[in-house]
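Asks: For reference, the structure I am asking about is given below.
The values are calculated or read from the model by the stated rules, or taken from the named source; none is laboratory data. Quantities reported herein were computed from a predicted structural model and do not represent experimental measurements. Cβ placement follows ideal geometry from the backbone for every residue including glycine, while neighbour counts extend to all protein chains displayed. Heads up: the accessible areas ignore ligands, DNA and RNA and are worked out on the full protein's heavy atoms, side chains in. Shrake-Rupley method; radii C 1.70, N 1.55, O 1.52, S 1.80 Å.
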Amino acid sequence: MSTTVEFAKMNGLGNKILVVDMRGRPDAVTPAAAIALNADPATQFDQIMAIHDPKAQGTDAWIDILNSDGSKAQACGNGTRCVVQALAAETGKKVFTFQTVAGILNAVEQADGTISVDMGKPVFEWDKIPLAEEFYDTSRIELQIGPIDNPVLHSPSVASMGNPHAIFWVDKDVMSFDLGRFGPLLENHPMFPEKANITLAEVTSPSSITTRTWERGAGLTLACGSAACATAVSAARTGRTGRDVTIKVASSPNAGSLSIEWRERDDHVIMTGPAEWEWSGMVDPKTGSWARDAEQGAEAR
């Protein structure tokens, strides 16, 4: 068995993704390899999407997801779009079904090149998100940062999109908050026994929201698809928007946006957005050593 496999550096609306082809192999990308890859500026990433042979009949692949700190992630919507684009280019297929630890994901590459991912149903029950304390209404829980009489952030909506999310509603530019300081405190707050993704959200119209996210296991991220989904359903749930919204990610270097539909007929959340291929190479899934494809400019670590 070869010590190296093919991988691609991609992004989903700026969310830095490595797609690693582990098909036909019994091993997996190790946490040590993930940490080594993230330590190199050339391969720094938010999530690794490792494509494995399917485990369930009727699926195209099993997707193993790793965060930049080597921990496992249950879901990554932006990464899933990158996987779809990579496999569509390889196979010519447009429709895919993937299995992850969070369940089954169905995805379609649209005629305009955007990719729609069915992220499944949101979860609002406190013990399934999960939270450490019981809350009957998770659309607004008791949690704040800052002075008790004048908190900087407070009363988030919480939900799971296969991974736990807390959305803090703000009434000014999301980039004006020191999320780099608050993010680690909130991600690791005792309220979240499995940690949480922390999003700041400003509703700009009944159908548009601007967000910025501190991602569990990855830190400040340029974009987070599951956070966009959690924000959209929480906004609709609290009457801030309707069930179809456009999410602009303030921290993304890309000009695009995400379209989120919380379908009324089955409660599934459909996320549509772009994916972008940057370059490809070979990587050792055990150590993280890599080499960029020669035709794109030789570079190795």
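Asks: Regarding segment 165-172, can at least one residue be identified that is over 16 Å from residue 61 (Cα atoms), open to solvent by less than 20 Å² (accessible area, probe 1.4 Å), of a type outside the set (A, V, I, L, M) and in contact with a Pro (Cβ under 7 Å, 6 or more places away or on another chain)?
Replies: The answer is yes; a qualifying residue exists.
Asks: Could you please give the count of residues in segment 72-92 that are crowded, with 23+ Cβ neighbours inside 10 Å and part of a strand (DSSP E or B)?
Replies: Qualifying residue count, segment 72-92: 1.
Asks: With 46, 69 as the choices, which residue is open to solvent by 40 Å² or more (accessible area, probe 1.4 Å) and either among the charged types (D, E, K, R) or more than 22 Å from residue 201 (Cα to Cα) (or both)? Let's see the steps before the verdict.
Replies: Numbers: 46 fails: open to solvent by 40 Å² or more (accessible area, probe 1.4 Å).
The match here is 69.
Asks: Right, residue 103: under 18 Å from the mean Cα position of the chain (by Cα) and buried (at least 19 other Cβ atoms within 10 Å of the Cβ) or not? First the steps, then the outcome.
Replies: Numbers: under 18 Å from the mean Cα position of the chain (by Cα): yes; buried (at least 19 other Cβ atoms within 10 Å of the Cβ): no.
The answer is no for residue 103.
Asks: Specify the residue that is surrounded by the fewest Cβ atoms within 10 Å (Cβ to Cβ); the eligible residues are those in segment 201-228 that are free of Cβ contacts under 8 Å to residues at least 60 places away in the same chain and touching a Leu at 6+ places or on another chain (Cβ under 7 Å).
Replies: 220
Asks: Another question about this same structure. Does segment 93-132 hold any residues that are among the β-branched types (Val, Ile, Thr) and either without any contact (Cβ under 8 Å) to a residue 12 or more places away in the chain or assigned to a loop (DSSP other than H, G, I, E, B) (or both), and which are they?
Replies: Across segment 93-132, the qualifying residues are 101, 114, 129.
Asks: Then there is this: So, in segment 133-164, of the ones that are surrounded by 12 or more Cβ atoms within 10 Å (Cβ to Cβ), free of Cβ contacts under 8 Å to residues at least 40 places away in the same chain and of a type in the set (S, T, N, Q), which residue ends up nearest to residue 74 (Cα to Cα)?
Replies: Top of the filtered list is 138.
Asks: When the residues of segment 246-291 are filtered to those that are among the hydrophobic types (A, V, I, L, M, F, W, C) and closer than 30 Å to residue 32 by Cβ, which remaining residue is most open to solvent (accessible area, probe 1.4 Å)?
Replies: Filtering first and then ranking leaves 277.
Asks: If you don't mind, another one. In segment 38-68, which residues are among the polar types (S, T, N, Q), in a strand (DSSP E or B) and over 14 Å from residue 7 (Cβ atoms)?
Replies: 67
Asks: What pairs come out if I take residues in segment 34-50 that are closer than 15 Å to residue 82 by Cβ and pair them with residues that are part of a loop (DSSP other than H, G, I, E, B) and hydroxyl-bearing (Ser, Thr, Tyr) whose C-beta lies under 7 Å away, six or more apart or interchain?
Replies: 45/68; 46/68
Asks: Then there is this: Within the group 36, 75, which residue is under 29 Å from residue 195 (Cβ atoms), within 19 Å of the chain's Cα centre (by Cα) and hydrophobic (A, V, I, L, M, F, W, C)?
Replies: After applying the criteria, what remains is 75.
Asks: Of all residues in segment 261-286, count the ones that are in contact with a Pro (Cβ under 9 Å, 6 or more places away or on another chain) and in a strand (DSSP E or B).
Replies: Of the residues in segment 261-286, 2 are in contact with a Pro (Cβ under 9 Å, 6 or more places away or on another chain) and in a strand (DSSP E or B).
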